[in-house]
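The next block holds one structure in the form of structure tokens; read it before the comments.
What follows draws every value from the coordinates through simple rules; no lab data is involved. Only a predicted model underlies this, so the values are computations on that prediction, with no experimental measurement involved.
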Amino acid sequence: MGRPGVTGPARFSTLCVALHPWRAVYVTNYKVASTSILNALAGVLGVRDTMNDPNDAHVRDREVFDTPRSSTHDSLAEARLAHPGYRAFTFVRHPLARVLSAYSNKISDARPNERNVVERHANYLSKGMPFEAFVAALPRIPLKELDKHIRPQWTFCDDGVDFVGRLERLEDDWQELCKTLGMPHAPLPAQNRSRRSERENVLTEASLAGVRDFYREDFDRFGYTCPSVPRASDAPSLPVVIVAPPFSGAQRVAEAIATACDLRTSDADERTSGRGVRWVTLLQRPSTIASLADVLERFPSAAVITVSIDPELLLLRAKHRRPGVGPDRLRDIVRRSVRAIRDSEALPREHVRVTLPSDLSDPLTTSHRLADSLGLGLDAWSRLCTELQSVVPPALASGARVWASTRRGSMSPDELYALDAVAEGLTRDFPGLFPAGGPAQVV
């Protein structure tokens, strides 16, 4: 859900779009899906058919939204004066993820048409400068002159906003916003996705300290955890056991941990023989989850990680991964997966280091939680973040909810009807499995 409004005395400029049919104002926060949101709003307003034009990724020209149904303003304060009573909304992002994205996009890998940030701050910034030097230079630039892509996020909504969504749960918060405003829901097109870059040598103690200090108000206002510097080893000295149902994406987590920490994956024989203690294993079926007791008896301090998944997403992923199976077989597959979920949820909490969501679209947060739970050092954390980025399929990069919405939209009426029948059967097997809206909500 969106956070309550935040207020402040200063005034900073940013593109604000007033949506007159819904008495609302979108406050643009750059590097936070702003192009996707502007395109979605343009589609809802009917001011331009952006949704079907892959070449039209920049709907930022003010004339696009200066219409009888919408208007643009240079700041939220200006928009509020022009339209009293309008509700303002914006979206925010983890400050470290945002500044890393801006650095990669505008400094280290800047294309010729993206060097305006360097040119604008030529006295402070240079193309390809190390991330640590980049962060150290930010406090020296006057805040009101700082480029909008790297300016702290609180400056975009310093006059108070009524709804603050998060990029990390973009689709859910976008749906909630549309419902709150009474605005038709438009899918958010995936545009301007950040290019992945190597980060092993980017994060340092000094750069993390600089990010914490410069963006401290963003961390505090928007409820993000300020990352600490892992000071332990580069690899866990104990076995890592990942307990998760099938179709949860846990295999990708296991592969990322193994690669980043130079661990080997283990088989059942190794787990029972006790040869060595530096390995990672994945338990996904009820029968293998039951074997966790044997592992913990042999290695009482093993690091147990669980991965959760929403039942609706589980059903859609199972259908996607097993396209040729009939309804009865699909129901049986998902039934076993749900039992695995229930078994993992029943594990004694003292054995579980951390529970991760199956949506890996936020590798930074996921890698930091893993690093903390496994006692990893800074280098291993950075490698883990890079590995998680590399194993997230492009289809999931915008979030599991976006993927699920796309999957539903591509299914035929017969496929949707069959999936609905499977969902109804699962509801009989596991009462309360799906939300209050019933299994029809799945499709």
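3J(HN,Hα) along the range 70-79, derived from phi through the Karplus expression 6.51 cos²θ - 1.76 cosθ + 1.60 where θ = phi - 60°, amounts to 8, 8, 10, 9, 7, 7, 5, 4, 5, 5 Hz, with x in place of Gly and Pro. Remark: the HIS20-ASP220 segment gains 68.8 nm on full extension, using 0.36 nm per residue and subtracting the alpha carbon distance.
Summarising the amide proton neighbourhood of HIS121: residues at separation of 5 or more, or on other chains, whose placed amide H is nearer than 5 Å comprise an empty set.
Shown in residue order for the range 338-352 are the 3J(HN,Hα) couplings computed by the Karplus curve 6.51 cos²θ - 1.76 cosθ + 1.60 at θ = phi - 60°: 5, 4, 5, 4, 4, 5, 5, 5, 8, 4, x, 4, 5, 8, 9 Hz (x for Gly and Pro). Applying 0.36 nm per residue to the separation of SER291 and ARG69 and subtracting their alpha-carbon distance, the gain on full extension is 73.8 nm. Less than 5 angstrom separates the built amide H of SER308 from those of LEU356, SER358, all sequence-distant by 5 or more or on a different chain. Each residue of the range 297-308 was assigned a 3J(HN,Hα) from its phi angle through the Karplus curve 6.51 cos²θ - 1.76 cosθ + 1.60 (θ = phi - 60°); the sequence is 5, 7, 10, x, 9, 4, 7, 9, 10, 10, 10, 9 Hz, with glycine and proline shown as x.
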